[in-house]
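> My structure is below; once you've seen it, I'll send some questions.
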Number of protein chains: 2
Amino acid sequence: MRILGVDPGLTRCGLGVIDTLPARKAKMVAVDVLRTPSADSVDLRLGAIAEAFDTWLDTYRPDVVAIERVFARNDVSTIMGTAQASGLTMGLAARRGLPVAMHTPSEVKAAITGSGRADKKQVTSMVTRILGLDAPPKPADAADALAIAICHSWRGALSAQSTPGKNKDLTERKAGGRQGSGLTKAQQQWAEAMRRAR
Amino acid sequence: MRILGVDPGLTRCGLGVIDTLPARKAKMVAVDVLRTPSADSVDLRLGAIAEAFDTWLDTYRPDVVAIERVFARNDVSTIMGTAQASGLTMGLAARRGLPVAMHTPSEVKAAITGSGRADKKQVTSMVTRILGLDAPPKPADAADALAIAICHSWRGALSAQSTPGKNKDLTERKAGGRQGSGLTKAQQQWAEAMRRAR
């Protein structure tokens, strides 16, 4: 399964693609951090993100898009840009019939390092190890998007383990509930209806 | 000039298209309020808005898109959905090279009624009169999107009045500054570069 992880933001929007492998391993396919200049107006920055994100969807054809969930408790000026960028990527993915999963920052950290309060360095170090990379992924913030993708693959697997005896295929298992996979049944049904329509 | 006004939101996203006429008059071209069910996941709702918004851009081919500016001071749960929907429509318009202008709710109310604290009824009543409609536009929230479009046309004209002696065409005048028109010079330059590229 190919997963596109998104660390949404106006100034930096991280994108990381992985292919899942057996035994909780994964292979890095691509990673980048889109940057848009803060001197540009918000609409131009979002337009540039829309173009780049759609190009990634065309190029890498992920099976699912996992996006970091934005919280409103952070700094207001930052949160608006992050909410706008996340809304844009969610809408662009969903309109293609791609399942979209949301994971909180602490879910991602806990999945990758075992601690929901891990720092950036620990996350980067574990991402580097899990993906079998010789060096930490570049640019500096790139590891976050990969961590979201890895988190999604593992939380999906955990969800499947919690419903033993059901011999579903991976996609169906991942649709089992938002609890484990970040995907609801309704999302999955809609995604399948969209795929059939095309 | 054709203006598409957007009153962004997840539950209700108002869209209103007007053509400007001489003497501060305008003609209504189309109006609707997109609704997405709150039972659906946010990505599905944004996907539906993306599809509908792009269809409106294709169908009505506006010269400019005017969107109500979202503030972070409101209720947090509402503001996230509004920010996501506004980010989505901003990005979809900007990627086409369309100028995007933002106007605050009080700018819109003041432009339409003369008071930044006007209520919904006053705004609806003035929109109905300005557009020469026999009855208030339907559905109920439709007047807001039209009010944003009307506000944009007038604020652009005001901006032009404030720079007398400059014989610019309307598009150039509207690009004069964010103060009056909601458009910066950089936005206009980018939009023109995009149009040339296509």
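> Within the stretch B:112-140, whose backbone N sits under 14 Å from a point 7 Å along Cα→Cβ of B:K27?
Counting backbone N atoms under 14 Å from the label point, the list is B:131-133.
> Now a separate question. Once the other residues with Cβ under 10 Å from the Cβ of A:E68 are scored (Lys, Arg +1; Asp, Glu -1), what is the net sum?
Neighbourhood net charge equals -2.
> Here is a follow-up. What net charge is computed for the residues neighbouring A:V33, neighbours being all others with C-beta under 11 Å from the C-beta of A:V33, Lys and Arg scored +1, Asp and Glu -1? Numbers along the way, then the final one.
Details: positive: A:R12, A:R35, A:K138; negative: A:D7, A:D32, A:D141, A:D144.
In short, -1.
> Another one. Where does the charge balance sit around A:L92 when Lys and Arg score +1, Asp and Glu -1, over other residues with C-beta under 12 Å from its C-beta?
Surrounding charge for A:L92 is -3.
> Could you give each residue of the stretch B:119-135 its phi-based ³J(HN,Hα) in whole Hz, using Karplus coefficients 6.51, -1.76, 1.60 with θ = phi - 60°, and x for Gly or Pro?
8, 4, 5, 5, 4, 4, 4, 5, 4, 4, 5, 4, 8, x, 8, 6, 8
> For the pair A:R129/A:A52, report the inter-label distance in nm, with labels modelled 7 Å from Cα in the Cβ direction.
Each label point is offset 7 Å from its Cα along the Cβ direction, giving 3.0 nm.
> Classify the stretch B:17-93 from the C-alpha gyration tensor, please: rounded if a/c falls under 1.5, else prolate or oblate depending on whether a/b exceeds b/c. Please report the intermediate quantities before stating the final value.
Working: a/c = 2.39, a/b = 1.61, b/c = 1.48.
Prolate, since a/c reaches 1.5 and a/b exceeds b/c.
> Using per-residue counts of other Cβ atoms within 10 Å, averaged over each peptide, order B:129-135, A:40-46, A:124-130 from highest down.
Going by the mean number of other Cβ atoms within 10 Å, highest first, we get A:40-46, A:124-130, B:129-135.
> I'd like the mean, over residues of B:95-104, of how many other protein chain beta carbons sit within 10 Å of each residue's own Cβ.
Working: counts 11, 2, 1, 2, 3, 6, 2, 3, 0, 0.
So the per-residue partner count for this stretch is 3.
> How compact is the stretch B:1-132 by the rule of thumb for globular proteins, expressed as Cα Rg over 2.2 N^0.38 Å?
1.05
All of the numbers you see were taken from the coordinates with simple rules; none came from a lab. From a predicted model like this one, the values you see are computed outputs, not experimental measurements. Neighbour counts are summed over all protein chains in view; Cβ atoms, including those assigned to glycine, are modelled from backbone coordinates with ideal geometry.
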